[in-house]
1. Look at the stretch 4-35 and say how many of its residues are loosely packed, with under 10 Cβ neighbours inside 10 Å and either more than 34 Å from the chain's Cα centre (by Cα) or more than 22 Å from Arg154 (Cα to Cα) (or both).
2. Going through the stretch 36-65 one residue at a time, which ones are part of a loop (DSSP other than H, G, I, E, B), open to solvent by 30 Å² or more (accessible area, probe 1.4 Å) and small (Gly, Ala, Ser)?
3. Just wondering, is there one or more residues in the stretch 67-82 that are within 30 Å of Leu215 (Cβ to Cβ), open to solvent by less than 50 Å² (accessible area, probe 1.4 Å) and of a type in the set (A, V, I, L, M)?
4. So is Pro113 in contact (Cβ under 8 Å) with a residue 60 or more places away in the chain, more than 23 Å from Ala165 (Cβ to Cβ) and either touching a helix residue (DSSP H, G or I) at 6+ places or on another chain (Cβ under 7 Å) or basic (Lys, Arg) (or both) or not?
5. When both residues are 6+ apart or on different chains and their Cβ atoms are under 8 Å apart, which pairs have a first residue that lies in the stretch 75-99 and is within 10 Å of Pro39 (Cα to Cα), and a second that is among the acidic types (Asp, Glu) and buried (at least 17 other Cβ atoms within 10 Å of the Cβ)?
Amino acid sequence: MSGRVNEFGQPIGQEVPGWTERQRPSRQPTEGRYCRIEPLSAKAHARQLFEAYSADTTGELWTYMSVEPFETLEQFTEWTAQIAGTTDPFFHTIIDKSTGKAVGMVAYLRIEPKHGVIEVGHIAYSPALQRTAAATEAMYLMMKRVFSESGYRRYEWKCDALNAASRRAAERYGFTYDGLFEQALVHKGRNRDTAWYSILDRDWAQIEQAYEAWLDPGNFDGEGAQRQRLADLIAQAR
């Protein structure tokens, strides 16, 4: 409760001084130590992404995605051409700087510049990207663009409540659990309860500090193993 009331004695929210509508996220690539993120292009990225996703021979990667595994490059290229043309969701490709190859996708969606709210989703990490420094850095770069560059107030993560891996990832990346929306969707003919998570702008400075510490080369030993966990660094910073 804010403690503020209007002339009728009704509680109202705190004012947001100087608030103006924000810009939509830039289409310029953003780059870190381990990866580069750029707008999805079927021509530039489809073949490498298809090859990277083909390493998931079980199809498990697509269980909670809106589409099923693609059998051919032609099918995948057609799909990427369709989604690359949308502005919301706004799809990006994750490039591994060590190889120069596309190894994953991620998108901004439900973009609301008027309110400063934006969601990250459609996260599809190939086996080559999973459990790497680049995987974590990609999430950091997406956050940094939202908060530091674009000045948004709220960054959201939503997932199927049964997707344990996604829920663990949200918590590791610094998102706070907001609650459960039961029967939110009918997904692939099945019920989906949706778990909501968020990061607010007031927490960004501490979370950014933790990511910078985790991504520092000194945080990894000679074999690439982390010395400090990201979750621990975020907890300490907060």
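The values are calculated or read from the model by the stated rules, or taken from the named source; none is laboratory data. For clarity, every value in this text was computed on a predicted model and none was experimentally measured. In this analysis, Cβ positions are derived from the backbone assuming ideal geometry, glycine residues included, and neighbour counts consider all displayed protein chains. Just so you know, the surface numbers come from the protein's heavy atoms only, side chains and all, with ligands and any DNA or RNA stripped out. Shrake-Rupley method; radii C 1.70, N 1.55, O 1.52, S 1.80 Å.
1. 5
2. Those that are part of a loop (DSSP other than H, G, I, E, B), open to solvent by 30 Å² or more (accessible area, probe 1.4 Å) and small (Gly, Ala, Ser): Ser41, Ser54, Ala55.
3. In the first step, residues of the stretch 67-82 are kept if they are within 30 Å of Leu215 (Cβ to Cβ); the result is 80.
Of the ones still in play, those that are also open to solvent by less than 50 Å² (accessible area, probe 1.4 Å) are 80.
Remaining after also requiring of a type in the set (A, V, I, L, M): none.
There is no residue in the stretch 67-82 that is within 30 Å of Leu215 (Cβ to Cβ), open to solvent by less than 50 Å² (accessible area, probe 1.4 Å) and of a type in the set (A, V, I, L, M).
4. Values: in contact (Cβ under 8 Å) with a residue 60 or more places away in the chain: yes; more than 23 Å from Ala165 (Cβ to Cβ): yes; either touching a helix residue (DSSP H, G or I) at 6+ places or on another chain (Cβ under 7 Å) or basic (Lys, Arg) (or both): no.
No, not satisfied.
5. His92/Glu38; Thr93/Glu38
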